[in-house]
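Reading through the structure tokens given below for one structure.
Bear in mind that the values in this text are calculations on the coordinates, not laboratory data. What you see is a predicted model; the values in this text were computed from it and never measured. FYI the Cβ positions are ideal-geometry reconstructions off the backbone, even for glycines, and counts take in every protein chain you see.
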Amino acid sequence: MLGLKLETDPRWVNIVEKNIEEILTDHAYCEQKAATNAISIMISYPHLTDLVDDMVALAKEELTHFEMVHAKIKERGLTLGYERKDEYVGELYKFMRKGDHRKRIVLIDRLLFAAMIEARSCERFKLLSEQIADEDLRGFYRELMISEATHYTMFIGFARKYGSDTEDVDARWQQWLDYEAGVLRNYGKRETIHG
């Protein structure tokens with residue numbers, strides 16, 4: 001369904017299991033950044049009412065996910081650490097077309113950028129839901145995997161809706177998938193959601 005060109009090495013789960021506090025902290029900030037991104041899209045495209053409506057709902061959901069992850073951290077007697085840079089997302093950002101946000105190609109890429117992050121997060125959550133030894137986290141990540149898949153399809157849907165008269169959105173998505181596969185070769189070695 002996701003169409004990712006390169007799967008995460010399953011041994012990434014073993015890395016994660018060695019530092020649950022780190023993965024949960026990183027995950028919490030991924031949710032915060034997703035909420036921030038939804039707000040940013042809403043502000044950049046106020047005239048696209050349906051997009052604004054869905055971004056408002058998404059921002060709320062992502063903040064709820066942040067709260068859920070923070071609760072898991074506290075349940076375990078751990079503490080939320082400081083925010084850290086997501087280098088994977090930084091690499092994806094380099095591929096995104098930038099400029100005047102009123103141009104459709106910029107909107108398309110903004111939506112595909114978000115879809116890419118959601119797709120990879122979904123894939124990582126699926127791996128955790130199937131392979132992490134911690135039963136509580138298995139169920140937790142199964143629930144969140146479903147949300148990420150929904151977010152991925154929403155962003156792809158909006159890219160197609162608002163970009164189909166500008167370019168072949170599916171062809172551009174294939175370019176994103178190819179680029180992301182190259183980026184991912186350098187990741188999967190740290191106890192972070194995308195690292």
Query raised in the report: Residue check: is S121 out of contact with any helix residue (DSSP H, G or I) (no Cβ under 6 Å at 6 or more places or on another chain), of a type in the set (S, T, Y) and within 19 Å of V89 (Cβ to Cβ)?
Result: no
For segment 1-20, the count of residues that are in contact with an Asp or Glu (Cβ under 9 Å, 6 or more places away or on another chain) and not in a loop (DSSP other than H, G, I, E, B) equals 6
For segment 145-163, pairs from a residue that is closer than 14 Å to R110 by Cα to a residue that is surrounded by fewer than 16 Cβ atoms within 10 Å (Cβ to Cβ) and β-branched (V, I, T), with Cβ under 9 Å and 6 or more apart or across chains, are G163/I105
Taking segment 96-113 and the residues there that are of a type in the set (A, V, I, L, M) and in contact (Cβ under 8 Å) with a residue 40 or more places away in the chain, the one that is nearest to N37 (Cα to Cα) would be L111
Checked segment 1-60 for anything buried (at least 16 other Cβ atoms within 10 Å of the Cβ) and at positive phi; matches are none
Scanning segment 114-135 for residues that are of a type outside the set (A, V, I, L, M) and in contact (Cβ under 8 Å) with a residue 24 or more places away in the chain gives E118, R120, S121, C122, E123, R124, Q131, D134
